[in-house]
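Asks: Below is the structure I would like to discuss, written out as structure tokens.
Just so it is clear, none of the values below were taken in a lab; they were calculated from the coordinates. For clarity, every value in this text was computed on a predicted model and none was experimentally measured. Every residue, glycine among them, receives a Cβ derived from its backbone with ideal geometry; neighbour counts consider all protein chains shown.
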Amino acid sequence: MAVNSGTRAVVAALLANTGIAVAKFVGFAVTRSSAMLAESVHSVADAANQLLLLLGARRARRPPTDDHPFGHGRERYFWSFIVALVLFSMGAAFAVYQGIEKLRHPHMVEKVGWAVGILVVGLVLESLSIRTAILEANRVRGSASWSRFVLRSKQPELPVVLLEDAGALIGLAVALGAVITVHLTGEPRWDAIGTLAIGVLLGTIAVFLAREMHSLLIGEAADVGDRARITEAIGDSPAVERLVSLRTQHLGPDEILVGARVVFRAGLDTAGVAAAINAVEARVHAAVPAAGPIFVEPALSEEAGSTSRD
């Protein structure tokens with residue numbers, strides 16, 4: 001993972017969430033607000049998640065081994081999936097439990113001024129964190145919309161941090177609204193409602209992340225643009241008559257396994273076919289630097305009737 005993309009956003013989020021978690025726990029100790037406690041645990045979960053993302057990026061850089069000949073690039077997807085589980089168990093489940101307990105045994109929020117001050121500071125720090133994530137995401141998302149970037153990105157760290165930071169900002173706003181509403185109405189159950197809302201929010205984000213990382217772990221094809229460039233590179237090779245089939249799969253964010261069946265022009269001997277395969281592989285890698293390993297298999301001309309591409 002390049003330092004100028006996901007890593008910077010992850011580190012910024014880690015520093016912000018660590019500071020926010022400390023402040024929120026102090027706020028909970030003073031105010032006894034369940035929404036503040038839920039947000040405290042939320043920030044601890046987020047900080048733990050950023051550490052997991054950094055761990056995944058480090059482990060993904062290990063070289064290939066006999067047991068893992070294609071490398072360890074999917075470590076980044078695995079640890080991002082664990083992030084979703086941590087967010088669900090530590091964040092969402094705990095918040096829902098606290099909300100139910102507060103509904104059953106309501107008590108007033110104490111020293112509301114402390115809670116408001118800490119939550120406002122948290123909003124400022126989270127805003128700085130998500131600003132960093134947005135700036136880093138803009139470097140790699142190109143012309144894609146934000147929804148498409150989050151849904152289609154093969155680099156898990158930036159979408160994870162963006163969603164966590166967005167969830168944290170919304171959670172802080174919900175907690176702030178709950179505390180102020182309790183103070184204005186004198187009804188402590190608003191604190192419980194805010195806590196439950198935070199739990200539902202975190203659960204929704206966790207389920208979405210788990211779904212996306214599950215898809216990447218199973219193996220997703222290269223995006224449409226990369227597949228088109230690979231197809232064009234193969235088709236433009238002088239020795240190629242026809243592309244019969246193309247299969248691609250991400251082994252990691254920056255590594256695409258490419259398998260192609262190709263009909264080469266008639267008259268090539270064994271050495272000529274070998275040279276043509278090497279030329280095709282070089283063209284594909286030049287067109288899509290992330291492509292590799294690349295496997296090109298010669299096909300018979302009669303197989304060219306039905307071309308398939310994935």
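Asks: Lysines near residue 111 by alpha-carbon distance under 21 Å, same-chain residues fewer than 8 away left out - which ones?
Replies: 24, 102
Asks: Moving on to the next point. Could you state the angle between the C-alpha long axis of helix 94-104 and the longest principal axis of the C-alpha atoms of the chain, as a value from 0 to 90 degrees rounded to the nearest 10?
Replies: Here the helix axis deviates by roughly 30 degrees.
Asks: Once you put a point 7 Å from the Cα of residue 268 and another 7 Å from the Cα of residue 295, both along the Cβ direction, what distance in nm separates them?
Replies: Simple spin-label model gives 1.8 nm for this pair.
Asks: What list do you get for 102, 154, 111, 24 if you sort them by fewest beta carbons within 10 Å?
Replies: Numbers: 102 24, 154 20, 111 13, 24 28.
By the 10 Å Cβ count, ascending: 111, 154, 102, 24.
Asks: Comparing 54, 14, 151, which has the greatest mean-square fluctuation in the GNM of the chain with Cα pairs linked when under 10 Å apart?
Replies: 151
Asks: To the nearest 10 degrees, how steeply does helix 34-60 sit against the main Cα axis of the chain, on a 0 to 90 scale?
Replies: That works out to roughly 20 degrees.
Asks: For the range 209-224, in order, what is each residue's ³J(HN,Hα) by Karplus, 6.51 cos²θ - 1.76 cosθ + 1.60 with θ = phi - 60°, in whole Hz (x at glycine and Pro)?
Replies: 4, 4, 4, 5, 5, 4, 5, 5, 5, 5, x, 9, 5, 4, 6, 4
Asks: Continuing with the same structure: Quick check: pseudo-label points 7 Å beyond the Cα along Cα→Cβ at residue 282 and residue 51, how many nm apart are they?
Replies: With each label point 7 Å from Cα toward Cβ, the separation is 4.9 nm.
Asks: Taking the 0 to 90 degree range and rounding to the nearest ten, how far is the long axis of helix 8-31 tilted relative to the main principal axis of the chain, both from C-alpha atoms?
Replies: Approximately 20 degrees, to the nearest ten.
Asks: For the range 272-283, what does the Karplus curve 6.51 cos²θ - 1.76 cosθ + 1.60, with θ = phi - 60°, yield as ³J(HN,Hα) per residue in whole Hz, taken in order and with x for Gly and Pro?
Replies: Those phi angles translate into x, 5, 4, 5, 5, 4, 4, 5, 4, 4, 5, 5 Hz.
Asks: Would you mind calculating the relative contact order of the chain from Cα pairs under 8 angstrom and at least 6 residues apart, reporting the percent as a whole number?
Replies: Values: 518 pairs, mean separation 64.1, N = 310.
Relative contact order comes out at 21 percent.
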